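Encoded as structure tokens, the structure appears first; notes follow it.
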Amino acid sequence: MKPRRAVILCFYGDPTPRQQNLFRLFREIGCEPAYVTWDRSCGRPPSGRSREEDLAVIRLAAPTESARLLFVLPEYWRKLGSALRRVIQEDSQAPIIVATHFCHLPLARRFPRATWLYDAAEYYAYDLSRYFGWLANLIQPLFVYLEGRGMRRMGAVLAVDSRAGWFERQISRYNRSVRVIPNVPALADDPPTEWVQRAATRYGDRRVICYVGGIMERKGLQAALRTVEIIRKDIPNILLLLIGAYRGGHDALAGIVRDGQLSEHVSIIDQRPYREMLAEISRAEVGLALHQRDALYEKVGAMNGRKIFTYMQAGLAVVAPQFGDLGRVVREVNCGILVNTDSTDDIVAAICKLLSDRPLQIHLKSNGRRAFEQFYNWEVVARDLKPWLRERTQPSPST
């Protein structure tokens, strides 16, 4: 019998590392996984990756991180619905469809024959409401309600960790089959040695620190820039790598760096495939997770600190927030220093300590990498998740 198809819906042009891990897992349990991606640039894949694993590509221009996306959603749903209809008509077995975004949930009622899963990889109802400005507090309860209604139609829900389990409890009001999975990278994504060696030669004698992932003020962009501005006076060969997507685009970010007269000390690298990014930061000494204190980050669970786990995988010493649960793993593993991320002085002191105390830096790096290899990797998560997922994706007798 032909393997059952598992269709992972991606809200952007490239699957995230978490979605790539789910792709591997579906293959391991005997399914035939594929992506349906949304190419918002209407042509070139953002990372230049191969489209071989894409079942379909929705080509539709759309804004990012803006409430204006609402005006594009009806056409997106129409195109996505057509793609899913073709899949269901072509296959004798009803497919598994993995919704990976809040905005995928309304489609489930149109395709009840499929087995639907929801990967709640973000606190979408809370995060999306921020784009509505002063209306955010009014919009948020509506989004929570709509997400809850959508989750009722799911066969099961995967969720990210949250402080004291509040997110899991909220989901369980709508769907009792919920599983929290750590937001960790895969050992399989360690880059080849030659990539690491090639990246290491690019930076010569620079003292490299890095910030990876979504580049935004809420995650400490300005804190990182202020820190470099101060540190360069004592460490003139300091270099900050900013690797990831910035809402305003590369040129806008370059303008911010240029206006701060930091061009010699900041290197901007656009978002790239995960393994390439890992190779690039392998030469760094310190990884920065400078989330600013706000109501949402106060709620984030320790196992949802993807940025921190990435630094541990790369073998870097970590500077992370001391508030909430975000930095708990750093403290428990002893792989970095927790700071008040609202204080530039605290951040500067932590980075300078790590750069000046080589034995301490090596010790923290070793602790982080060892903990990643033993506990905080996708392979450990997948081993426990596999039987749970297999049970919940068995086709019903009617299909």
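On full extension, the segment bounded by residue 363 and residue 136 gains 77.3 nm, given 0.36 nm per residue less the C-alpha separation. Of the Cα atoms belonging to the stretch 86-172, the radius of gyration and Dmax stand at 14.5, 49 Å. Residues 221, 187 in ascending order of nearby Cβ atoms (within 10 Å, fewest first): 187, 221.
Under a point-charge model restricted to the Cβ atoms of Lys and Arg (+1) and Asp and Glu (-1), what is the dipole moment magnitude of the chain relative to its Cα centre, in debye to the nearest 20?
Values: 57 positive and 43 negative charges, 248 e Å.
For this selection, approximately 1200 debye.
For the chain, a Gaussian network of Cα nodes joined below 10 Å ranks 205, 325, 190 by mean-square fluctuation, and the top entry is 205.
Based on other C-beta atoms within 10 Å, arrange 41, 177 from fewest to most.
On the way: 41 11, 177 16.
Going from sparsest to densest Cβ surroundings: 41, 177.
Rounded to the nearest 20, the size of the Cβ-charge dipole of the stretch 187-374 about its Cα centre is 200 debye, with Lys and Arg at +1 and Asp and Glu at -1. Which residues does a label at residue 205 reach in the stretch 269-289, if reach means a backbone N under 19 Å from a point 7 Å past the Cα toward the Cβ? Residues passing the 19 Å test: 283-285.
The stretch 186-230 and the stretch 329-399 have Cα centres spaced 16 Å apart.
Taking the beta-carbon count within 10 Å as an exposure proxy, list 233, 79, 386 from fewest neighbours to most.
Values: 233 8, 79 17, 386 13.
Sorted ascending by nearby Cβ count, the order is 233, 386, 79.
Coordinate-derived values only; no laboratory data. Keep in mind the model is a prediction, meaning the values are calculated, not measured. As a convention, Cβ positions derive from the backbone with ideal geometry for all residues, glycine included, and neighbour counts pool all protein chains shown.
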